[in-house]
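These notes are about the structure you will find just below.
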Amino acid sequence: MSKTELHQPMETFAYDDEIVKQFSLATIIWGGVAFLVGIICALQLADWHLNFGLSWLTFGRLRPLHTNAAIFAFGGNAIFAGIYYSTQRLCKARLFNDTLSKIHFWGWQLIIVSAALTLPFGITQGKEYAELEWPIDIAITLIWVVFAINFFGTLWRRREKHMYVALWFYIATIVTVAVLHIVNSVEVPVSWYQSYPVYAGVQDALVQWWYGHNAVAFFLTTPFLGLMYFFIPKAANRPVYSYRLSIVHFWSLVFIYIWAGPHHLLYTALPEWAQTLGMVFSVMLWAPSWGGMINGLLTLRGSWDKVRTEPVLKFMATSLTFYGMATFEGPLLSIKSVSALGHYTDWIIAHVHGGTLGWNGFLTFGMLYYLVPALYKTELYSKRLANIHFWTSTIGILLYIISMWTSGITQGLMLRAIDSTGKLVYPDFVETIVRIAPLYWIRAFGGTLFLAGFLVMCYNLYKTWQLAPKNQKQDLYQAPALSKAIPADDNNSGPWHRRLEGLMPAFSILVLLGIVLGSAIEILPTLIVHTYAPANSKVAPYTPLELAGRDLYINEGCYNCHSQMIRTLPEDVLRYGKASLPEESMYDHPFQWGSKRTGPDLARVGGKYPDLWHYRHMLDPRSVTPNSIMPVYPWLFDDKTDFAILTKKFSVMQSLGVPYTDDEVRTAPETARAQAMQIAQGLSADSPIKGLEDKKIIAIIAYLQRLGKNPELLNAAEKSEAQPAPEVQ
């Protein structure tokens, strides 16, 4: 204590642990929901009957619910519980404002419930990890601001001048997630249930994966690294292995990670320079990521006996191992030659779940095993049950990952196989599904084991709570009164970073500059859309009925299984047709390039099959594609298309730069009805199908038959390629 602090009046204060208890309980509840929905999704891929023919239970609608529940409900509540617990102790100060804490908790739970009520009913933007519609996006922004004020207010009132390493990662999380969410969520509302993003095609693809990859980086990595830096030293009762390595780890991770998003778009219509940039920075991530893992594991030196016996350390040490595996695999998959094999396959699913279940899940479980006894002032009910949880869930994760590695690599090799005559060895996409289908059962079994272990933990923590003393008294602490934002400190000299840690505003601004610099260099060039879509491009915008069908396609979650991006790879071109051009998606709000192929690419499906084929395919996929695992969509044949809203949709699209005339906007409903009648009459001529002209299936057919039908554009591109290169003078 400094001389100045000796003369300060003392005050008694208590930490707000009630909010930590609430977020911890929410973590457990939503974790159960996320894992259960994940198992249902896995089973639906193993057996299509388990979609039950119900719109709100199909894989396409449940899969976004699963990802949002796992990331933002389970992961989000865990982050808030850990940050609020550790920040108070690192700052030696109660949270800034109790009311803000309550608003944060209940506001976040309301957002989660809103997601659970909208996604299964097809209310979605159709963008990976950003599916929630605009009213919920606004709510997320407001609650995140509440969280930021509460956190930075606590830092401003801290009694400890030095900001410990965990706080650095929390600052990076709050600042970067705010930037990511705001930039990616710029959209124009059509109604309370729908909006269109301002970006389209190449623009939207880059912005979305800048957001999507960095949502993983700054929502599922940096905050959990901060929790690791707090809870592992606390549980092991040892200091962090290397303060200097912490500095290198933090700043290199923050600066490099923000550039890596384009590696999700290799071999696509994205400009080559952006693809290369994403790949290079992704490979560079190996160093800082493994630096953090090594720093965490070496903190446990001399504590390995405790790791074997203490559940907290066992889970956290294993989580760091999974973190190392995931951060080795991620840069590996970003290398173009490896991406050519693994992208769009289950290898990516293995990679993602190794990180979320192994890294985020196990770290959260270790944190809960630490927090619940500490918060309720008791001992863990049973270490034996904790060990059962550990081994059950570990075996489950390994079964999950290994089955999906095998599935992904098998499918990738089959899809790229070309014989000596230059023909595809497996021309039918469904051949690969038949081969890997048994592995989907193994994945479902592995997920079930993981859930079983989680339920063992729930019972163990419930019994621990029951052991808590009935009349607990709140712990009180004495410290110098908060007469200043930051107390005086005699140590105003020292290394530059040590001094920077005492300057919270400057530290936060440096983080903001670091992530904004990389983002601007990467994204701003693509915002000039005509750079990649010439003004004379022969691309007609969607008709009103095609636009209605496209929106229905997104509502049903078809983008979760189908891509609309033919890569420049030989096998893609042989299977689907000419590689996709940037211009083809210039009016797509949002883009639909996809991230997983459980079904074939649809970029050139238009005109490939007659309308009746699509009709039968949606009614009973196996009637036209034997062995398909696609669910049935009977409600599309009963539910009516909303023609009236098409005027508003066209008006919004017009405001976004789509070249619709005022007459086209005004007459959109009538135009759509006329096209629907034409398609319905064609169906009735080939079969005894009647009365479909106002049904959703007709709009879906119109959209699917439009895909890839840009003959003038394709012919112009072919002529351009056929012209000889100009001579060098």
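The values are calculated or read from the model by the stated rules, or taken from the named source; none is laboratory data. In this text, all values refer to a predicted model and were calculated from it rather than measured experimentally. FYI the Cβ positions are ideal-geometry reconstructions off the backbone, even for glycines, and counts take in every protein chain you see.
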Please indicate, with yes or no, whether at least one residue in segment 341-358 is polar (S, T, N, Q) and over 18 Å from Tyr267 (Cβ atoms). yes
Give the residue that is surrounded by the most Cβ atoms within 10 Å (Cβ to Cβ), with candidates limited to residues of segment 588-607 that are touching a strand residue (DSSP E or B) at 6+ places or on another chain (Cβ under 8 Å) and farther than 15 Å from Arg550 by Cα. Arg597
Going through segment 600-631 one residue at a time, which ones are closer than 13 Å to Ile700 by Cα and among the charged types (D, E, K, R)? Asp611, Arg616
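In this structure, does Val280 turn out to be in the same structural domain as His353 (by TED's automatic domain parsing), under 30 Å from Ala520 (Cβ atoms) and assigned to a helix (DSSP H, G or I)?
Values: in the same structural domain as His353 (by TED's automatic domain parsing): yes; under 30 Å from Ala520 (Cβ atoms): yes; assigned to a helix (DSSP H, G or I): yes.
Yes; evaluated as a whole, the condition is true for this residue.
Do we find that Gln675 is in a helix (DSSP H, G or I) and at pLDDT below 95 in this structure? Explain how you work it out, then say what you get.
Details: in a helix (DSSP H, G or I): yes; at pLDDT below 95: no.
The answer is no for Gln675.
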Of all residues making up segment 543-599, the number that are within 21 Å of Pro659 (Cβ to Cβ) and within 18 Å of the chain's Cα centre (by Cα): 3
Could you please let me know if Val216 is in contact with a strand residue (DSSP E or B) (Cβ under 9 Å, 6 or more places away or on another chain), assigned by TED's automatic domain parsing to the domain that holds Leu132 and part of a helix (DSSP H, G or I)? no
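Return yes or no: is Ala326 among the small types (Gly, Ala, Ser), closer than 16 Å to Ala217 by Cα and assigned to a helix (DSSP H, G or I)? If you could, list the steps in order and put the result at the bottom.
On the way: among the small types (Gly, Ala, Ser): yes; closer than 16 Å to Ala217 by Cα: yes; assigned to a helix (DSSP H, G or I): yes.
Here the answer is yes, as Ala326 does meet what is asked.
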Of the residues in segment 333-368, those that are part of a helix (DSSP H, G or I), under 16 Å from Ser563 (Cα atoms) and of a type in the set (S, T, N, Q) number 1
So, restricting to helices (runs of 4 or more DSSP H) that lie completely within segment 543-635, which ones have at least 2 residues that are at pLDDT 95 or above and of a type in the set (Gly, Ala, Ser)? 544-555
Is segment 393-408 home to any residue that is surrounded by 15 or more Cβ atoms within 10 Å (Cβ to Cβ), of a type in the set (Phe, Trp, Tyr), part of a helix (DSSP H, G or I) and touching a helix residue (DSSP H, G or I) at 6+ places or on another chain (Cβ under 6 Å)? yes
Going through (1) within 29 Å of Gln194 (Cα to Cα); (2) part of a helix (DSSP H, G or I); (3) at pLDDT 90 or above one by one, Leu524 fails only at (3)
What's the number of the condition Trp259 fails, among (1) in a loop (DSSP other than H, G, I, E, B); (2) hydrophobic (A, V, I, L, M, F, W, C); (3) within 30 Å of Pro541 (Cβ to Cβ)? (3)
Qualifying residues in segment 688-729 (those that are touching an Asp or Glu at 6+ places or on another chain (Cβ under 9 Å) and of a type in the set (S, T, N, Q)) - the one modelled with the lowest pLDDT: Asn710
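Of the residues that make up segment 640-654, is at least one outside any helix (DSSP H, G or I) and at pLDDT below 95?
We begin by selecting, within segment 640-654, every residue outside any helix (DSSP H, G or I); these are 640-645.
Still in the running and at pLDDT below 95: none.
There is no residue in segment 640-654 that is outside any helix (DSSP H, G or I) and at pLDDT below 95.
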Close pairs (8 angstrom Cβ cut-off, 6 or more residues apart or separate chains): within 17 Å of Gly355 (Cα to Cα) and assigned by TED's automatic domain parsing to the domain that holds Phe450 in segment 379-395, of a type in the set (Lys, Arg) and surrounded by 15 or more Cβ atoms within 10 Å (Cβ to Cβ) anywhere: Phe390/Lys314
Give segment 127-159 a look and list any residue that's hydroxyl-bearing (Ser, Thr, Tyr) and either closer than 22 Å to Ala548 by Cβ or part of a loop (DSSP other than H, G, I, E, B) (or both), or say none. Tyr129
Quick check on segment 103-126. Is at least one of its residues part of a helix (DSSP H, G or I), among the small types (Gly, Ala, Ser) and within 25 Å of Phe231 (Cβ to Cβ)? no
Restricting attention to segment 75-102, which residues are aromatic (Phe, Trp, Tyr) and part of a helix (DSSP H, G or I)? Phe80, Tyr84, Tyr85
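Would you call Thr299 of a type in the set (Val, Ile, Thr) and either within 25 Å of Asn77 (Cβ to Cβ) or in contact with a strand residue (DSSP E or B) (Cβ under 8 Å, 6 or more places away or on another chain) (or both)? Give the steps one after another, and end with the answer.
On the way: of a type in the set (Val, Ile, Thr): yes; either within 25 Å of Asn77 (Cβ to Cβ) or in contact with a strand residue (DSSP E or B) (Cβ under 8 Å, 6 or more places away or on another chain) (or both): no.
No, not satisfied.
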Only one of Phe169, Phe147 is crowded, with 20+ Cβ neighbours inside 10 Å, within 17 Å of Phe105 (Cα to Cα) and in contact with a helix residue (DSSP H, G or I) (Cβ under 9 Å, 6 or more places away or on another chain), namely Phe147
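I need a count of the residues in segment 337-360 that are farther than 23 Å from Val280 by Cβ and touching a residue at least 60 places away in the same chain (Cβ under 8 Å).
Initially, segment 337-360 is screened for residues farther than 23 Å from Val280 by Cβ, giving 345-346, 349-350, 353-354, 356-360.
Filter once more, so that each one left must be touching a residue at least 60 places away in the same chain (Cβ under 8 Å): 345-346, 349, 356-357, 359-360.
Within segment 337-360, residues that are farther than 23 Å from Val280 by Cβ and touching a residue at least 60 places away in the same chain (Cβ under 8 Å) number 7.
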Thr268: passes all of (1) assigned to a helix (DSSP H, G or I); (2) within 22 Å of the chain's Cα centre (by Cα) but (1)
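Working only within segment 501-520, note down all residues that are in a helix (DSSP H, G or I), surrounded by 13 or more Cβ atoms within 10 Å (Cβ to Cβ) and modelled with pLDDT under 90.
In the first step, residues of segment 501-520 are kept if they are in a helix (DSSP H, G or I); the result is 504-520.
Checking which are surrounded by 13 or more Cβ atoms within 10 Å (Cβ to Cβ) leaves us with 504, 507-508, 510-512, 514-519.
Scanning segment 501-520 gives Leu517, Gly518, Ser519.
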If I go through segment 173-206 residue by residue, how many of them are closer than 23 Å to Ile143 by Cα and either of a type in the set (A, V, I, L, M, F, W, C) or not assigned by TED's automatic domain parsing to the domain that holds Ile348 (or both)? 11
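Let's see how each residue does on (1) part of a loop (DSSP other than H, G, I, E, B); (2) out of contact with any Ser or Thr (no Cβ under 7 Å at 6 or more places or on another chain); (3) on the phi > 0 side of the Ramachandran plot; (4) assigned by TED's automatic domain parsing to the domain that holds Arg63:
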position: Pro659; (1), (2), (3), (4): yes, yes, no, no
position: Glu664; (1), (2), (3), (4): no, yes, no, no
position: Thr671; (1), (2), (3), (4): no, no, no, no
position: Gly691; (1), (2), (3), (4): yes, yes, yes, no
Only one of Arg604, Arg575, Arg616 is of a type in the set (D, E, K, R) and farther than 20 Å from Asn710 by Cβ; which? Arg616
State which residue pairs qualify: first residue touching a residue at least 40 places away in the same chain (Cβ under 8 Å) and among the β-branched types (Val, Ile, Thr) and inside segment 58-71, second residue buried (at least 23 other Cβ atoms within 10 Å of the Cβ) and assigned to a helix (DSSP H, G or I) in any location, beta carbons under 7 Å apart, and separation of 6 or more residues or different chains. Thr58/Asn51
